[in-house]
1. Just the residues that are under 23 Å from Ala108 (Cβ atoms) and exposed (fewer than 13 other Cβ atoms within 10 Å of the Cβ), please, taken from the range 157-173.
2. Within the range 63-82, can you find the residues that are in contact with a strand residue (DSSP E or B) (Cβ under 7 Å, 6 or more places away or on another chain) and small (Gly, Ala, Ser)?
3. State all residues of the range 31-49 that are of a type in the set (Val, Ile, Thr) and without any contact (Cβ under 8 Å) to a residue 24 or more places away in the chain; if no residue qualifies, say none.
4. Quick check, is Ile57 of a type outside the set (Ser, Thr, Tyr), closer than 18 Å to Lys86 by Cβ and within 19 Å of the chain's Cα centre (by Cα)?
5. Looking only at the range 92-142, count every residue that is more than 29 Å from Gly162 (Cα to Cα) and modelled with pLDDT under 95 and tell me the total.
6. Which of the residues spanning the range 104-127 are farther than 17 Å from Ser144 by Cβ and buried (at least 17 other Cβ atoms within 10 Å of the Cβ)?
7. Within the range 102-118, can one find any residue that is on the phi > 0 side of the Ramachandran plot, out of contact with any Gly (no Cβ under 8 Å at 6 or more places or on another chain) and either outside any strand (DSSP E or B) or among the small types (Gly, Ala, Ser) (or both)?
8. Could you please give the count of residues in the range 128-156 that are in a strand (DSSP E or B) and either under 23 Å from Gly91 (Cα atoms) or open to solvent by 80 Å² or more (accessible area, probe 1.4 Å) (or both)?
Amino acid sequence: GTITGPIEALMINGRANLDIADLAFLEPFVKRPVRGGLTASIAGEMQPLTGAFDVLIAATADHLMTGEPSVDALTGASSALNLSLKRSDDGLELRRFKLHSDALDTTASGKLRTGEGQLAFDLALDDVGRLTPDFSGAVTLKGSAHEAAQGWQAELVGTLPGDAVLAANLITPRTGDT
């Protein structure tokens, strides 16, 4: 990595690659059983004085086990994460979020800024029975949300087990408004 610029415009650039065959060494720190391997590439830049950053993360995990049953049910034999995130004077921009495993496919993108924002996402779960014994079957959910004058508005559509269809429009009012 490199550090450049005068102190008032300090810029840190870097890249890191990880290849961890067994995550078990983390157990004493996270106080739960952790297993599996992780390979990751992280690249980005940061301006510490302004809080601005631009980061790219690509990671894959093999047979990841976290000790949390709901997470472990979703990771499977192979999991992959792809993330592109930027924070600047224009706000926080999630350019790309993609999480894929044997059980789950999800993507998201969006932009947040004080008083305005938008988010879009897609989620597909092969079997909700991985998370609850009460139901089984595939679940899909697609949605978008944006911040409006009265608060956040979201539109959701999806499919649920038993040929059920979900369609919803949600509004969450702004907090602190009188």
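The values are calculated or read from the model by the stated rules, or taken from the named source; none is laboratory data. Values in this document were obtained by computation on a predicted structure and should not be read as measured data. Positions of Cβ are generated from backbone atoms using ideal geometry, with glycine treated the same way; all protein chains shown enter the neighbour counts. Areas reflect the complete protein model, heavy atoms only, side chains present, ligands, DNA and RNA absent. Shrake-Rupley method; radii C 1.70, N 1.55, O 1.52, S 1.80 Å.
1. Scanning the range 157-173 gives Val165, Ala167, Ala168, Asn169, Leu170, Ile171, Thr172.
2. Those that are in contact with a strand residue (DSSP E or B) (Cβ under 7 Å, 6 or more places away or on another chain) and small (Gly, Ala, Ser): Gly76, Ala77, Ser78, Ser79, Ala80.
3. Thr39
4. So Ile57 fits the description; yes.
5. Residues meeting the conditions: 6.
6. Matches in the range 104-127: Leu104, Leu125.
7. Yes, the conditions are met somewhere in the range 102-118.
8. Total satisfying the criteria: 12.
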